[in-house]
Structures are given as structure tokens and as C-alpha cells.
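The values are calculated or read from the model by the stated rules, or taken from the named source; none is laboratory data. Keep in mind the model is a prediction, meaning the values are calculated, not measured. Glycine also receives a Cβ, built like all others from the backbone with ideal geometry; neighbour counts cover every protein chain displayed. Ligands, DNA and RNA are stripped out before the accessible areas are found, and what is left, the full protein with its side chains, is counted by its heavy atoms. Shrake-Rupley method; radii C 1.70, N 1.55, O 1.52, S 1.80 Å.
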Amino acid sequence: MRLLLVEDELDLADWLKRALSQSGFVADHAVDARAASVLVATTNYDAIVLDLGLPEISGISWLRELRADGNNTPVLVLSAHAALDDRVRGLSAGADDYLTKPFALAELEARLNALGRRARLAQEAVTQFGGLTFDTETRTFTVGGRLLGLTPRERAALSALMLRRNQPLLKTALAERVFDLQSDAGPDAIEVVVHRLRKKLVGSGVRIATVRGLGYMLEVDEPAA
């Protein structure tokens, strides 16, 4: 797990870097907000450990700028201020967690690992394939940031194909995911749904291919030579 440690107390920063490295963390150190901005612009971090009492530009101000720039890297605030108002202010500015000094190293490591797990789960909730993006939490599809307008049956079909992308899905299996048991849809009704989906996927960078004898498969639509 790669960290950015933003801390102006050099002794504390040096101790933290050495202690965290023994637990498998790799930490870069920035002594102030300006140095931190340079590092986040050139390196992807799994988490940021931020001291609020920085010189010149405060940690709160830097955190607000970070979020305003669209950087969503998890931030754990370290602060000597333990009052409720201080914690609320830090979290409201965009922090994901807040730990007061003095702190136990084991707790810091546990909180960082928890932030890493949450970040990974959030990334896994969104699947990208070609130019198509699928959010498994909201069950929505977007193309280039534009919401793809789908009927419930089209969404069910595309979801099933997306989860098995690059692998054929039997026509009967796809139909079972689209039509409920009480449906009076005929055996070829799924072809109508697929036909409509193909039209809506034009320009998305993906296409629904027919796999003879098996069914359908979602694949990247390679541009013509």
C-alpha cells in the first residue's frame, strides 16, 4: 500500500515511515502542502496521512483544494485537536477518517488498511469495458459519461452479458435472466431485446456478437482497418 505522509514534524514523520515500512507500507513524505501537491500530481497513492497543523497552507485548506481538483484518494487526518468540532471540520473538508495524537501505531495501520479495502470495493463496483461503464450498485450503464437509456429487460440482458463479457452466454440462459417465470414471452423474444440493445450500443465501443450454436457474447467492437 503506497502512502503519502504530509507531516511537518520531521522526527514524527521519520518514525512513521520506518514503522509503517515494517508492516509493508511504502510511504513518501511531504513536509508541507506545496510539496504534497507536487507528489500527488505525479504519483498515485492508495491513501494520504495528513497533519492539519502544516505551515503556510493549513492541512484543512490543502484538503479542500485536493477535493476541489477531483482527487478522491482516501485521506486520514492526524491532529492534536480532539474536540468534536475539529473532527467534524476535518471530515466535512473531505477527510475519510480522523485520528488524534497521540495514537497507537496498530490503530493507524488498521485504519489505513480499512481505507484501502473501502477504496478497492468502490473501484470494483464500477466495471469498464470498451467505452461502456457499468455501476453494479445502481445497475446503470453509461457511455462517455452519458446515461444509456434502457428498458428494464434491456438492462437485465446487458447486465448478464457484461458480467460474462468475452464469454458466450446461452440464449436460453439469457432469456431466463430477462423474462420471469410468469412471462408469456415466446422463445425468440430475447432476439428482440438483443436487437434493440445492439442499436443502443452503437458508438459505445462494444457489441453483442452472436456465437453460433451457443448464444450471445459481449465483446469490444474493434474499429475497421
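Taking 30 Å as the straight-line reach from the Cα of LYS171, the lysines in range (excluding those fewer than 8 positions away in the same chain) are LYS199, LYS200. Solvent-accessible area of the range 142-225 (1.4 angstrom probe, protein heavy atoms only): carbon and sulfur portion equals 53 percent. With R₀ set to 41 Å, the beta-carbon distance separating GLU222 from ASP69 gives a calculated FRET efficiency near 0.70. Counting only alpha carbon atoms, the long axis of helix 189-200 and the longest principal axis of the chain meet at about 50°. What shape does the range 154-224 take by its C-alpha gyration tensor, where a ≥ b ≥ c are the square roots of the eigenvalues and a/c under 1.5 counts as rounded, a/b above b/c as prolate, and the rest as oblate? Prolate, because a/c is 1.5 or more and a/b exceeds b/c. Rounded to the nearest 20, the size of the Cβ-charge dipole of the range 31-151 about its Cα centre is 280 debye, with Lys and Arg at +1 and Asp and Glu at -1.
Farthest toward the positive end of the dipole of the chain, out of LEU99, ALA30, ALA160, is the Cα of ALA160, where the dipole comes from beta carbon charges about the Cα centre. Can you give me the C-alpha center-to-center distance between the range 73-119 and the range 3-72, rounded to a whole angstrom? Taking the Cα centre of each part, the range 73-119 and the range 3-72 sit 13 Å apart.
Put a plus charge on the Cβ of each Lys and Arg, a minus charge on the Cβ of each Asp and Glu, and nothing anywhere else: the dipole of the range 51-104 about its Cα centre is then about 100 debye. Based on protein heavy atoms only, the range 113-180 ends up with 58 Å² per residue of surface accessible to a 1.4 Å probe. Return the percentage of antiparallel bridges among DSSP beta bridges fully within the chain, rounded to the nearest 5 %. Here the antiparallel bridges make up roughly 50 percent for the chain. Under the definition of Cα pairs under 8 Å and six or more residues apart, what whole-number percent is the relative contact order of the range 85-174? Over the range 85-174, the number comes to 12 percent.
Ellipticity at 222 nm from helices only: DSSP H runs of n ≥ 4 in the chain, each -39500 (n - 2.57), divided by the residue count, give -12500 deg cm²/dmol.
Taking the radius of gyration and the Kirkwood hydrodynamic radius from Cα positions alone, what is the Rg/Rh ratio for the range 9-73, to two decimal places? Radius of gyration over Kirkwood radius for the range 9-73 works out to 0.96. Annotation: peptides 43-51, 88-96, 164-172, ranked by per-residue average of other Cβ atoms within 10 Å with the highest first, follow the order 43-51, 88-96, 164-172.
Structural size metrics of the range 55-146, computed from C-alpha coordinates, are Rg and Dmax of 16.7, 48 Å.
The residues of the range 185-225 expose on average 64 square angstrom of accessible surface per residue, using a 1.4 Å probe on protein heavy atoms.
Average accessible surface for the range 63-111: 53 Å² per residue, computed with a 1.4 Å probe over protein heavy atoms with every protein chain in place. Here's the picture: charge each Lys and Arg Cβ at +1 and each Asp and Glu Cβ at -1 in the range 130-225, and of VAL206, VAL178, LEU218 the one pushed furthest to the positive end of that dipole is VAL206.
The value of relative contact order for the chain, using C-alpha pairs under 8 Å at least six residues apart, is 13 percent. Shape verdict for the chain, please, from the Cα gyration tensor: rounded (a/c under 1.5), prolate (a/b greater than b/c) or oblate. Because a/c hits 1.5 or more and a/b exceeds b/c, the chain counts as prolate.
Shown for the range 46-119: the carbon plus sulfur share of the solvent-accessible area, taken with all protein chains present and a 1.4 angstrom probe, equals 50%.
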